[in-house]
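First up is the structure itself, then whatever we jot down about it.
The values are calculated or read from the model by the stated rules, or taken from the named source; none is laboratory data. Because the structure is predicted, anything quoted here is derived from the model rather than measured. With ideal geometry, Cβ positions are generated from the backbone for all residues, glycine too; neighbour counts draw on all protein chains shown.
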Amino acid sequence: MTEQKQIDPITLTVIWNTMLSIADELGTTLRHTAFSEGVREGDDFSTALFNSDALMVAQGNFSPGHLGAMPTCVKHALNYFPAESLKPGDSILLNDSFLGSGHFPDTFQIMPVFIETRLVGFVACSAHQVDMGGAAPGSQKVHGVTESFQEGLRLLPVRLVRGGDIEEDIMRIILGNVRMPDKVRGDLLAQHAANLTAAERLQALFRDYGIDTVEAAYELILNRSEQAMREALSKVPAGIYSFEDYLDDYGPGTQPIKMAVDITFSGDGDVELDFSRSSDAVPAAINSYINYTKAYALFAIKVFCNATQPQTEGAMRPITIKAREGSFFNPKFPAPSGGRAILQIRIFDTINGAMAKALPQKAMGAFSHWSNPNIGGIDDRTSKPFVMYDLSLAGYGGRYGEDGPEALTPVMNCTNIPVEVHETHNPIRIKCLELLPDTGGAGQWRGGCGLKKEIEILNSTATLSHLADRHKFQPYGVFGGQPGTLAGTYLLRKNEKKSLASKGVEELRKGDILSFLLSGAGGYGPAELRKKEAIEKDIEDGYVTLQGAKKDYNWTP
Amino acid sequence: MIRVAFDIGGTFTDFVLEDDIKNFAYFLKVPSTPYDPGAAVLNGLEKLLGEARLENTSVNTLLHATTIATNAILERKGAATGLITTQGFRDILIIGRQKRYETYDLHINKPKPLIQRRHITEVVERTDFNGSISNPLDMTSVDKAIEKMVSSNLEAIAVSLIHSYANPKNEQLIRDRISEKAPNLSVSISSEISPKFREYERTNTTAANAYVKPIVGRYISALETALAEQDFENDLFVMQSSGGLVSAKIARDYPIRIIESGPAAGVLMGGIVGKNIGERHVITFDMGGTTAKLGAVDGGIPAITPTFEVGHIRYKKGSGLPINVPAVELLEIGAGGGSIAKIEFGMIAIGPESAGADPGPICYGKGGTQPTITDANVVLGYISGDWFNAGEMQLNIKAARSGILENIAKPLGLTLEQAAWGIHMVATNNMENALRIVSVERGRDPRAYAMVAFGGAGPLHASRLARGIGIPKVVIPAGAGVGSAIGLLEAEPRIDVSTTHVLKVSPEVSSTIRSIFNSLEQRANEDIQRLAVAGVTKWSRYAYMRYVGQGFEVLVNLPSGTIDEKYTNAIINAFNSAYSKKHKFLDKDAIVEVVDWSLVATIQEERTKNSIYNSLLSGQSREKTVRQVWFPEVDGFVETTIIDRRSLSAKDIVMGPAVIEDPDSTTLILPGDKVTIHEQGHLVIEVTQKELAKN
């Protein structure tokens, strides 16, 4: 470390703003060139800049799912490639679940940045690839996957780019093991190109201000963001706050999974989140590697403590996130984890339940749970495979002073896929996509409604891999608010209606209709306190029926 | 030919009168009259024609830019509107695309839809993605829907059915039924308003059109009546967001096309100025009191985006309502003269909060207590305290100094000048980061562009911004104060039509492409007839293209000429050049597809185009003075020449450091930079580049 150099606040401001702009530009470039639906529609990628000691000094504001993994990815890479072995034009690739973000589809690329021969830092980005091989398209199959080896290609850090040239041998190994190799290649190259652009800008920043000044700015940024986080955390009343809730199961006929958290605020700027009381890891691909647990725990802390300053390694120093080794939230390799995305809402819900006791006005009723089915097969029209990757998202829980919004993305932040886009690309017809009245948990501030989506299969055969939850445990209400209704998934075949599990596989045929009913979200505060006008407006707009209003609010015209 | 252009803004209504035979122009600014926008127009026209000593009857054409449609949406003051949609899809508008515009705020709300859920009714029908109708329209359900709309006392109806862009038949049947059963209802159907796929964006665009149609209709009719009463020829044209003009009639039918009327005219003005000085690539930089807007003109053509948002919150993408009609590409950020400076994490942060015009910056002396960019500029000597707004407002420099000292300098341990400079610098840096998005990120090399800067604060920040990003030339146009109105004079009548037809490009599909463009041409011709202007129609073809499997398309300018098997090759070449320009990357093995097709018809009118600036530089000018102005590029405060712009004449040269003052803006000339006064009155600044400036 260079000796601490004096740096004025204006230079510091400009350097920090420029760093954030670099991290953002890296992301927008990636989003616009990506083939992966996850990247472009779901913002399922992240970007960051690091100093030469591998400390993260800026992170782009993209998927919260990588808040946990990004800060440590450079350190992991350096364990395999010591800094002195790196040369200008090199780039390291990894996707290991433990080193990365908890499942194989997220590939991280880490590029050292040099000024002449001096290493001045790193740029890195991750992107959710369309496929990494394994048991099912998309590499996120849950049911029947009992160890990581079934989930596809695992990459411990490898030097994908050497001296500016792609290592075609490594590329060939990767492309030989994935479905849709063209798209994977395109996205790996897009990641590399995006890193190159960011590296160039970072070099320009070092040249404009000098290495010593930028390094001094890094030091200040790390310290300031730590200080800002401590200030935010110290505003939470000291105490231990606990909560527990259950996931339906990890496949048909399996047991519920306990999700428990104990949060300790010291009162002087430290917090510890401990998930150790949760269930053990399960033999299905929804385990949450510690980096993934950390990601959504950090997300929740940022939300509750208004700690919205740019993310750096410094900001994480006061936060400890842990879970018993071997537990559901800190499994050991080769625990499978491809479908861990289904947990993000529930990690937040669990923390929210605990934080309600500390910060009642910031808490909310539990979210409606999303549904994330994959419907795939061979398209009769083209004889080529199709995969309809879908996400349905419904309401928020009631909030202090306000109803939960209808149909807004919870926790992770993505867009839905339009009906017309799905139907253009896949042999299916969507029969309806509509809010379900009387499903939002009643309360002084009502929970958002659940949602119904029905999909008709137009192909001779297809397979559903389902990923959803809240089929058994209702989204809770807070402070006397009622829970939202349960979710349900049904197969309508001719005149029969079959109930499906929230996580499972189902063979389908032409004419089948899949009916996905999403849970309602939890209410906030007792229903008796709901204003009469709010009930009347809900009836007029059809969010609550007359019968529902009578039952939930004892309302009469 | 005498043409008058007027642009109604929130504060001022700007006018330009152009006589292309006598070759002169008059400019005028009058206060806007928001309660009755037409009043300012009539008042201004009277003054303007009086000055020019012309009769009302001698005016051939009136050109108009207006914010009436935008304001109706922003303030949610449109008509009571209903929506008819396909059974099963009542909630398309309520659901939207679902993304939060702030990832870490779970207490935000979605933009309020323009139509309440109670006024959304389904009809039984289903059209599929390929245009085939899998379930025919049930007229009983249509009649029920109409009855419901009528009994709810609605004034306007939007009709948006699933996949109607692929086959408009059912929407047309519903429209015809409404005009039969309820002729007073104003109807907008999505297959006419925005026939493109992605149901939320199309439905919202149609809903917005329906929502503002009655208001815009009444407004334009009232304006036309008032103008007719004053003996003006009834030849009124309205600016569209795309930078082209349409007749009043088309503006009434498709008011959604005139949302960004004023800003579009501003970008066009940038294009004209570029043309004047021989620059085909221009970045426009318009910085006013609350925001800065960046636009681009590439190769003489204003950059257009197929979709934009109205009603942003804190300038965040995704926080507004998406509108799927072409508009000039603009990036708006919360950095204007009134943007407030504060301290965050021991650093200076600017905006997006603004002191606006009331109370305004501290130096206005109207009760503002938080330091703004303008206050910093006053402290640094960039803005004169006693000649602000041509001397109409006396600025309180002392208050600005103490505001910055107390709020910024002391807490950060800086001197007053360092703090003021910090505010100026950080604001410039924020704009530079936004400018990177407009330039580098979108494939525009700053070194090939000139920056045209206008708005009250634009000319003050432009040179440092240009230097920061490597733009070699900055132009401060003559008449910058009425910039948008000038842009109207350049606009041509223009019709944009587009459609979605996802098609992989190969020689076999050339006949499909031919029929797509034939039907687009037919649609455009219907509108051209309603435009009723004489002139030659020029056609331009565009496509929004991508590699199969991607989710974002690039705009590709397609060649003209016969569409045969060879044409598809030309399409791929055009895509390759557009894609590699934007992303610096080509995938030769990937298949290329077109998503949206669009055709633009511009009507080239027969009129002589003269420079309208020749008569501008008049008025009593003031003597040169000097004052202390902060130039850290040399040595902090420097005794600097202050020049009244009106004292300058063509070919004069001014070397920086200098300050050139206009009645409504101030131009800062940096040390080492050279200004040449263009024959049309523009200040053309050669900006010394960063590396050189340092030495």
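Of note:
- For the stretch A:383-405, the candidate set comprises residues that are over 24 Å from the mean Cα position of the chain (by Cα), of a type in the set (D, E, K, R) and surrounded by fewer than 24 Cβ atoms within 10 Å (Cβ to Cβ); within that set, the residue that is nearest to the other protein chains (Cβ to nearest Cβ) is A:E402.
- Of the helices (runs of 4 or more DSSP H) contained entirely in the stretch B:13-110, those carrying at least 3 residues that are more than 14 Å from chain A (Cβ to nearest Cβ) fall at B:37-52, B:68-74.
- Some residue of the stretch A:432-441 being buried (at least 24 other Cβ atoms within 10 Å of the Cβ), under 24 Å from B:I162 (Cα atoms), in contact with a Leu (Cβ under 8 Å, 6 or more places away or on another chain) and modelled with pLDDT of 95 or more: yes
- The residue that is farthest from B:L416 (Cα to Cα), among those in the stretch B:634-691 that are touching a strand residue (DSSP E or B) at 6+ places or on another chain (Cβ under 9 Å) and of a type in the set (S, T, N, Q), is B:S649.
- Looking at A:A204, A:A217, A:A190, A:A238, just one residue is within 30 Å of A:S288 (Cβ to Cβ) and within 12 Å of another protein chain (Cβ to nearest Cβ), and that residue is A:A190.
- Residue identified as of a type in the set (D, E), free of Cβ contacts under 8 Å to residues at least 24 places away in the same chain, assigned by TED's automatic domain parsing to the domain that holds A:G548 and assigned to a strand (DSSP E or B) among A:E434, A:E420: A:E434
- Qualifying residue in the stretch B:604-613 (condition: in contact with a strand residue (DSSP E or B) (Cβ under 7 Å, 6 or more places away or on another chain), at pLDDT 85 or above and not hydrophobic (A, V, I, L, M, F, W, C)): no
- B:S134 fulfils the conditions (1) in a strand (DSSP E or B); (2) more than 13 Å from chain A (Cβ to nearest Cβ) except for a single criterion, (2).
- Of all residues in the stretch A:455-482 being of a type in the set (S, T, Y) and not in a strand (DSSP E or B), the one that is farthest from the chain's Cα centre (by Cα): A:S460
- Here is the figure for the stretch A:150-188: residues that are surrounded by fewer than 20 Cβ atoms within 10 Å (Cβ to Cβ), over 24 Å from the mean Cα position of the chain (by Cα) and not in a loop (DSSP other than H, G, I, E, B) total 14.
- Matching residues, the stretch A:72-91, being closer than 25 Å to A:A335 by Cβ and buried (at least 24 other Cβ atoms within 10 Å of the Cβ): A:C73, A:V74, A:A77
- Residue match in the stretch A:206-218 (condition: within 22 Å of the chain's Cα centre (by Cα) and either within 30 Å of A:I10 (Cα to Cα) or modelled with pLDDT under 95 (or both)): no
- Matching option when the condition is within 14 Å of another protein chain (Cβ to nearest Cβ), surrounded by fewer than 21 Cβ atoms within 10 Å (Cβ to Cβ) and not basic (K, R), among A:T29, A:T117, A:T33, A:T11: A:T11
- Any hit, the stretch B:146-159, residues being in contact with a Ser or Thr (Cβ under 8 Å, 6 or more places away or on another chain), crowded, with 21+ Cβ neighbours inside 10 Å and among the small types (G, A, S): yes
- Any hit, the stretch A:92-101, residues being aliphatic (A, V, I, L, M), in contact (Cβ under 8 Å) with a residue 40 or more places away in the chain, surrounded by fewer than 24 Cβ atoms within 10 Å (Cβ to Cβ) and out of contact with any His (no Cβ under 8 Å at 6 or more places or on another chain): yes
- Unmet requirement for B:S560, which otherwise passes all of (1) surrounded by 13 or more Cβ atoms within 10 Å (Cβ to Cβ); (2) within 22 Å of B:S498 (Cα to Cα): (1)
- Answer from A:F45, A:F108, A:F81 - the residue that is modelled with pLDDT under 95 and aromatic (F, W, Y): A:F45
- Residues located in the stretch A:366-382, provided they are more than 13 Å from A:R470 (Cα to Cα) and crowded, with 24+ Cβ neighbours inside 10 Å: A:I375
- So B:I423, is it at pLDDT below 95 and buried (at least 20 other Cβ atoms within 10 Å of the Cβ): no
- Counting only helices (runs of 4 or more DSSP H) wholly contained in the stretch B:408-503, the ones carrying 1 or more residues that are among the hydroxyl-bearing types (S, T, Y), out of contact with any strand residue (DSSP E or B) (no Cβ under 7 Å at 6 or more places or on another chain) and under 30 Å from A:I22 (Cβ atoms) occupy B:416-438.
- Just one of the listed residues (B:G381, B:G403) is in a loop (DSSP other than H, G, I, E, B), outside the structural domain of B:D635 (by TED's automatic domain parsing), surrounded by 21 or more Cβ atoms within 10 Å (Cβ to Cβ) and among the small types (G, A, S), and it is B:G381.
- Filtering the stretch A:72-106 to residues that are among the hydroxyl-bearing types (S, T, Y) and either under 10 Å from A:P157 (Cβ atoms) or assigned to a helix (DSSP H, G or I) (or both) leaves A:T72, A:Y80, A:S85.
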